[in-house]
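Undergrad: Before anything else, here's the structure in question.
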C-alpha cells in the first residue's frame, strides 16, 4: 500500500507552486476536505503545526504524559479570567487522534435555528448525503453493552424514566477511528502532501485573492526553522476555532465587518464521580459510551445540557477529585467501584477570541446566568441518576469537596449559585464559533458553504463556522460541513 507523504524533518526551505488547494490544519475539517478534493484529482498540500504520530505509536502508549504531546500546549489554554481550560489537539489528525470517537448528527432544532437566525441555506439532502458519506468513511456505528461504568447511568435513567441511549462511535471492530487512518489514509495519496511541524504564519495577496501561504517549519531534532511557501489556487483554513481566528486576525483577513473571533462557544463541562457498593471496573470498558438527553435540545425546545458517561485513567481521576492527601488516596483506592459522568452544557454564552500584544490568541469567556443554572441543574440530575442506580455517594466537581449520599441533600449541597467563577472545575474540549457562517455578510465571516465573504478563494472548514454551539459532540458535524464545502469548491 502506498504510504501517506508526511514530512516531519526539514533541512532546507520548502516551496510548492501550482497547487490546487492549500489546507491549514489536518484535523476533522482539513482531513475531510483533503479526502474529497484529492479523490477529485486536485493537488493538495496540508500545513500542520503539530507533529506526526503514527497510529501504532498512539495506541501503544500507556504513559499519559507522552500522549499530552498530541495536545496544543499539552492541553492547557485558559480563558482570560482563568474560569475554564480549553483542550485542543495539535498533531496530524488533530483532536480526532485524542478524542473518544463520539459521533452525533446536529440536533434538528439547532439546524433550524441556524436557518432561521443566520440564513443557512444548506438543504436537508445536501446535509444527509454528506453525513452518510462521512459516516461510511469514518466507520460510525452504534454500540451496545460497553461495561458497568456505563450501564449504571442507564439504570438510573430507567428508574427516573429519562430519555437516554448508547452513543454512536467511529469504530471498526474494537479500534477507535480517527482522521489520520480514515480520511487522510483514504485520500488519493499521489495528490496529497502533508508538512507536519509547520505553522502557517501569513499570506501574500492580490486584491481579494490569496496568492500564497507562508509558514515556518521547525525540525524537531535540530530546532532549526525553515521558511515554507505554498502557492495555491484555493486556501482552506481548518486549524480549529481558536487557531483559525488567530490566523485571520493576525493577517487581517475576512474581517472587514470585525466579526472574526466573535461568538465563540465552548460546551463548558464539569463532572461527577459516583462510588458504588459493588465492583464497576470501568478500566475494562470503553472511555465513553452512554448518554442522557432528557434535558437537552434533542428532547426540549431550548438549549439545555447532556449527561455523558465517561471513565478516565487513575492519574486523571486523582486530578478531578476535589480532595488532597489521604482523602484523595482513599478515593483512588475505590477506583474500581466508581462510575463517572460529564455534564455538557449547551451554552448560550459566547466569548471573543482576541490577540494579545504578542499576536497570540486569547479568549474572553464567562458563563452567563442561564448557563450557570443549566450547569447546576445538570450536576443535580447526574447525582440523582447515580443515586437511583445504587450509588453510596456522589462527589461533584466543586472546588470545595461536595459529597452527596441521598437525594434529599442534592439541592442544599448544590445550591443555585454553585456554578459561579472559582466554585467549580470547568473544562472544554469543544470550542466552536469565532468565524461563523451566515448569509448576512455584515454579521458573519463565511457563507453557508464555508466560503469567505471577503476573500475570493478562502474557505474556513472547522468548528469555528458554527453560528451557535450544537449541544452534542461536534466532530461529525465538522466533517459534514467540510464535506459539503469541498464538494462545492469546484
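Undergrad: Report the FRET efficiency, 1/(1 + (r/R0)^6), for residue 421 and residue 3, where r is their Cβ-Cβ distance and R0 is 51 Å, rounded to 0.05. Before the final figure, lay out the partial values.
TA: Details: r = 49 Å, r/R0 = 0.96.
With R0 = 51 Å, the Cβ-Cβ based efficiency is 0.55.
Undergrad: Counting every Cα pair in the range 121-230, what percent are over 21 Å apart? Present the calculation step by step, with values, prior to reporting the outcome.
TA: Details: 4029 of 5995 pairs.
More than 21 Å apart: 67 percent of the Cα pairs in the range 121-230.
Undergrad: How far apart, in nm, are two points set 7 Å out from the Cα along the Cα-to-Cβ line at residue 405 and at residue 51?
TA: 4.8
Undergrad: Could I ask something else about it? Expected output is a single nm value to one decimal: the length gained when fully extending between residue 59 and residue 189, i.e. 0.36 nm times separation in residues minus the C-alpha distance. What is it? Kindly include the intermediate steps, with their values, before the conclusion.
TA: Numbers: separation 130, 0.36 × 130 = 46.80 nm, distance 2.35 nm.
Difference between extended and current length: 44.4 nm.
Undergrad: Sort 309, 286 so the one with the fewest other Cβ atoms within 10 Å of its own Cβ comes first.
TA: Numbers: 309 30, 286 22.
Sorted ascending by nearby Cβ count, the order is 286, 309.
Undergrad: Using 1/(1 + (r/R0)^6) with R0 = 22 angstrom and r between the beta carbons of residue 73 and residue 332, what's the FRET efficiency to the nearest 0.05? Present the calculation step by step, with values, prior to reporting the outcome.
TA: Details: r = 27 Å, r/R0 = 1.22.
In this case the efficiency is close to 0.25.
Undergrad: With no solvent and one equal point scatterer placed on each C-alpha of the range 348-490, evaluate the Debye formula and give log10 I(q)/I(0) for q = 0.09, 0.17 Å⁻¹, two decimals.
TA: -0.43, -0.98
Undergrad: Taking the Cα centroid of the range 438-461 and of the range 368-405, what is the distance between the two, rounded to the nearest whole Å?
TA: Value for the Cα centre distance between the two parts: 41 Å.
Undergrad: Can you give the translational diffusion coefficient of the range 196-302 in µm²/s, computed by Stokes-Einstein from the Kirkwood radius over Cα pairs at 4 °C and 1.567 mPa s?
TA: On the way: Rh = 18.9 Å.
After rounding, the answer is 69 µm²/s.
Undergrad: With a 10 Å Cβ neighbour count serving as the proxy for reagent exposure, in which order, fewest first, do 87, 448, 245 appear?
TA: Numbers: 87 19, 448 23, 245 30.
Exposure proxy ranking, most exposed first: 87, 448, 245.
Undergrad: What label, among [x] 4, 16, 24, 23, 16, 8, 4, 2, 2, 1, 0, 0; [y] 3, 13, 16, 16, 15, 12, 9, 7, 4, 2, 1, 0, 0; [z] 4, 20, 31, 26, 14, 5, 0, belongs to P(r) over Cα pairs in 10 Å bins from 0, in percent computed from the structure on display?
TA: Evaluating P(r) over Cα pairs in 10 Å bins from 0, in percent on these atoms matches [z].
Undergrad: With a cut-off of 8 Å between alpha carbons and a minimum separation of six or more residues, what is the relative contact order of the chain in percent? Please report the intermediate quantities before stating the final value.
TA: On the way: 1211 pairs, mean separation 116.7, N = 490.
Here the relative contact order equals 24 percent.
Undergrad: Calculate how steeply helix 124-138 sits against the longest principal axis of the alpha-carbon atoms of the chain, using the helix alpha-carbon long axis, and give the answer as 0 to 90 degrees to the nearest 10.
TA: Once rounded, the angle reads 80 degrees.
Undergrad: Still on this model: Could you give the angle, 0 to 90 degrees to the nearest 10, between helix 241-250's Cα long axis and the longest principal axis of the Cα atoms of the chain?
TA: With both axes taken from Cα atoms, the answer is about 40 degrees.
Undergrad: In nm, what is the difference between 0.36 nm times the number of residues separating residue 316 and residue 39 and their Cα-Cα distance?
TA: Details: separation 277, 0.36 × 277 = 99.72 nm, distance 4.07 nm.
Separation in residues times 0.36 nm, less the Cα-Cα distance, equals 95.7 nm.
Undergrad: For the residues 439, 48, 193, 56, what sequence is obtained by ranking on other C-beta atoms within 10 Å, fewest first? It would help to have the intermediate numbers written out before the result.
TA: On the way: 439 14, 48 30, 193 19, 56 8.
With the fewest neighbours first, 439, 48, 193, 56 line up as 56, 439, 193, 48.
Undergrad: At what distance in nm do the modelled label points of residue 257 and residue 224 sit from each other, each positioned 7 Å from its Cα along Cα→Cβ?
TA: The two pseudo-label positions are separated by 4.7 nm.
Undergrad: Calculate for the chain the 222 nm mean residue ellipticity that helices alone would give, adding -39,500 (n - 2.57) per DSSP H run of length 4 or more and normalising by residue count, nearest 500 deg cm²/dmol.
TA: Details: 12 runs with 123 residues, N = 490.
Only helices count here, giving -7500 deg cm²/dmol.
Undergrad: Which percent, to the nearest 5, of DSSP beta bridges fully inside the chain are antiparallel? Before the final figure, lay out each step's value.
TA: Working: 60 of 85 bridges.
Here the share of antiparallel DSSP bridges comes out near 70 percent.
Undergrad: In nm, to one decimal, how far is the residue 279 label point from the residue 373 one, both placed 7 Å along Cα→Cβ?
TA: If labels sit at residue 279 and residue 373, their model points lie 4.6 nm apart.
Undergrad: Right, here's the next one. From the Cα gyration tensor of the range 438-490, with a ≥ b ≥ c the square roots of its eigenvalues, which class applies: rounded if a/c is under 1.5, or else prolate if a/b is larger than b/c, or else oblate?
TA: Working: a/c = 2.61, a/b = 1.29, b/c = 2.03.
It is oblate, given that a/c is not under 1.5 and a/b is not larger than b/c.
Undergrad: On a 0 to 90 degree scale, rounded to 10, what angle separates helix 28-38 from the longest Cα axis of the chain?
TA: So the inclination is approximately 40 degrees.
Undergrad: In whole Å, what is the distance between the alpha-carbon centres of the range 43-104 and the range 120-134?
TA: Result: 28 Å between the Cα centres.
All of the numbers you see were taken from the coordinates with simple rules; none came from a lab. Since this is a predicted model, take the numbers as computed values, not measurements. Quick reminder, even Gly has a Cβ in these numbers, built from the backbone with ideal geometry, and neighbours come from all protein chains shown.
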